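Read the structure below first, then the notes.
The values are calculated or read from the model by the stated rules, or taken from the named source; none is laboratory data. Owing to the predicted nature of the structure, the values given are computational and were not obtained by experimental measurement. In this analysis, Cβ positions are derived from the backbone assuming ideal geometry, glycine residues included, and neighbour counts consider all displayed protein chains.
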Amino acid sequence: MYKILICHIKAKSLSLHKHIFMSITILGIESSCDDTSAAVIRDGEMLSNIIANQDVHIKYGGVVPELASRAHQQNIIPVVERAIKEARISKNELSAIAFTRGPGLLGSLLVGSSFAKGLSLSLDIPLIEINHLQAHILVHFIKQKDKIPPSFPFLCLLISGGHTQIIKVKDYFEMEVLGTTIDDAAGEAFDKCAKVLGLPYPGGPHIDKLAKMGNPKKFNFTKPSVADYNFSFSGLKTNFLYFINDNVKLNSNFIEENIYDLCASIQHIIIEILIDKLKKVIKNTGIKEIAIAGGVSANSMLKETLISVSEKNKWICHIPEFKLTTDNAAMIAITGYYKFLKNDFTNQKTSATARYNL
Ligand code: KG4
Ligand code: ZN
């Protein structure tokens, strides 16, 4: 009996040891634009996700690339240290380091990629390069309680400050862009219209907040007519700018008196443009499982609309958790995890790239 018990304890500790040994622990590093972020993912589960925003850009009304790189340089060490500490691991437990290779601002990307290369060299662990756009989509595969990941193939509406695309996701790393913007991105439309209204950068969250108190049908703006599954937002932005200028000439308090309705109306049209195209793609492809990703997917009205349209049309719709919508390193780490599983590593010769297609 005594012998059996010892054997049992031994076997148990062995299997525990094996489990720890076999765990895949990825440190993700994201620095493509104006957020410095580091995260730890272990076996697909998020242990930490630290994001340092850069307030330095607010007074300029947009991201100043030079200032962004400098802020990344200041933030990167404390952010990585906090991510490791919050994950309650030691850096020696890391299996690999995943970093954003692109697309993004080159100076910003260089900070994250150089740091990742240095750390991988000093810890003697593999390096994994990540496409930021793929990562926005794969954020849906972070293992979370009560959350079922999308099943392949599904459609992803990727909407951020730099991109607006409808993607057919056939597998983790097999993605086909079905439609894209021919000019501005949806996030840019939010930010530029917000700027016209005198709201701080980034304008998307401000429009979202103020729109809650407004009437979305008060003002009408022209919807663009764009072929296929593509988008266009630059005409809408100009339409909005002229409309505001004309009205301000007649009444200098026009913006202040109508701020809620203006936000609600511009938000309404942007959402309508996005959903209309999504409906078209779903109708033609027959794929009824959809996901949204990227900063604009944080928009509360978009989420509400999508949920109700999905219920009506029997679509399966996946919406990321709020903190996983905008730029974050958890999405980089989870993508790194899936690349690790297929032994897809890079080496010290890798370099950041501002342009990087899916
Ligand atoms: O994905 P992201 O953090 O960075 C890029 O890769 O571009 O997206 C940033 C964009 C900005 O344009 C910002 O205004 C927009 O996402 N955004 C929103 C909301 N939160 C962030 N747009 C509309 N409503 C929001 N709640
Ligand atoms: Zn992004």
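For segment 76-92, the tally of residues that are within 9 Å of residue 38 (Cβ to Cβ) and under 22 Å from the mean Cα position of the chain (by Cα) stands at 6. Regarding segment 99-120, can at least one residue be identified that is within 13 Å of ligand 2 (Cβ to nearest atom), in contact with an Asp or Glu (Cβ under 6 Å, 6 or more places away or on another chain) and not basic (Lys, Arg)? Yes: segment 99-120 contains one or more residues that are within 13 Å of ligand 2 (Cβ to nearest atom), in contact with an Asp or Glu (Cβ under 6 Å, 6 or more places away or on another chain) and not basic (Lys, Arg). Residue 179 falls short on exactly one of the conditions (1) buried (at least 18 other Cβ atoms within 10 Å of the Cβ); (2) of a type outside the set (A, V, I, L, M, F, W, C); (3) within 16 Å of ligand 1 (Cβ to nearest atom), and that condition is (3). Taking segment 49-86 as the range and being in contact (Cβ under 8 Å) with a residue 60 or more places away in the chain and not hydrophobic (A, V, I, L, M, F, W, C) as the test, the residues that pass are 49, 57, 60, 61, 62. From the list 356, 338, the lone residue that is modelled with pLDDT under 95 and among the hydroxyl-bearing types (Ser, Thr, Tyr) is 356.
Selection of segment 21-67 for residues being more than 16 Å from ligand 2 (Cβ to nearest atom) and either assigned to a loop (DSSP other than H, G, I, E, B) or hydroxyl-bearing (Ser, Thr, Tyr) (or both) yields 23, 24, 25, 43, 44, 48, 60, 61, 64. Of all residues in segment 87-110, those being under 23 Å from residue 139 (Cβ atoms), of a type in the set (A, V, I, L, M) and either within 16 Å of ligand 1 (Cβ to nearest atom) or without any contact (Cβ under 8 Å) to a residue 12 or more places away in the chain (or both) number 2.
Just one of the listed residues (216, 205) is surrounded by 12 or more Cβ atoms within 10 Å (Cβ to Cβ) and touching a His at 6+ places or on another chain (Cβ under 7 Å), and it is 216. Checked across segment 170-179, the condition of being within 16 Å of ligand 2 (Cβ to nearest atom) and within 17 Å of the chain's Cα centre (by Cα) holds for at least one residue. Residue count for segment 189-236, restricted to those that are closer than 18 Å to residue 255 by Cβ, in a loop (DSSP other than H, G, I, E, B) and either outside the structural domain of residue 257 (by TED's automatic domain parsing) or not hydrophobic (A, V, I, L, M, F, W, C) (or both): 9.
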